[in-house]
Amino acid sequence: MKTNKILDEIRGYISPDVKKQLEISVSLANRIYDILEAKDMSQKDLAKLLGKTETEVSRWLSGTHNLTIATIAKISVALGEDIIK
């Protein structure tokens, strides 16, 4: 995998807890994407189910957004599948 020296250096300054938070956020976003793909749904479809804008859902799925437990629960119910296993 190709890496960026500047980003690698910046990552060296990130605390372990922030690294873990980012890892979890990306994992959640990937899980949601996997469910959407399996159900042949788009971000727009999810946004409609949740009564949110597509922009807001896109921000959630960027992998850098700090989703609340309430939001995770709403997404799980809307998709009919657990996001966290």
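Every number in this text was worked out from the coordinates using simple rules, so none of it is lab data. What you are looking at is a predicted structure, and each value in this text was computed from that prediction instead of being measured. A quick note on method: Cβ atoms are made from the backbone with ideal geometry, for glycine too, and the neighbour counts reach across all protein chains shown.
Tell me, which residue of the stretch 6-54 that is loosely packed, with under 10 Cβ neighbours inside 10 Å and part of a helix (DSSP H, G or I) is nearest to the chain's Cα centre (by Cα)?
First, the residues of the stretch 6-54 that are loosely packed, with under 10 Cβ neighbours inside 10 Å: 6-9, 12-13, 15-17, 40, 51.
Filter once more, so that each one left must be part of a helix (DSSP H, G or I): 6-9, 16-17.
Details: ILE6: 24, LEU7: 21, ASP8: 22, GLU9: 24, PRO16: 19, ASP17: 17 Å.
Among those residues, the one meeting the criterion is ASP17.
Which residues, taken from the stretch 1-42, are among the β-branched types (Val, Ile, Thr) and under 12 Å from GLY63 (Cα atoms)?
Selection gives ILE24, VAL26, ILE32.
Out of the residues in the stretch 53-68 meeting the condition of being touching a residue at least 12 places away in the same chain (Cβ under 8 Å) and polar (S, T, N, Q), tell me which one is nearest to LYS19 (Cα to Cα).
Filtering first and then ranking leaves THR64.
From the residues in the stretch 55-84 that are closer than 18 Å to SER42 by Cβ and among the acidic types (Asp, Glu), which one is nearest to the chain's Cα centre (by Cα)?
Only one residue tops the list, namely GLU56.
Take the residues in the stretch 73-85 that are touching a helix residue (DSSP H, G or I) at 6+ places or on another chain (Cβ under 7 Å) and part of a helix (DSSP H, G or I), then tell me which one is surrounded by the fewest Cβ atoms within 10 Å (Cβ to Cβ).
LYS74
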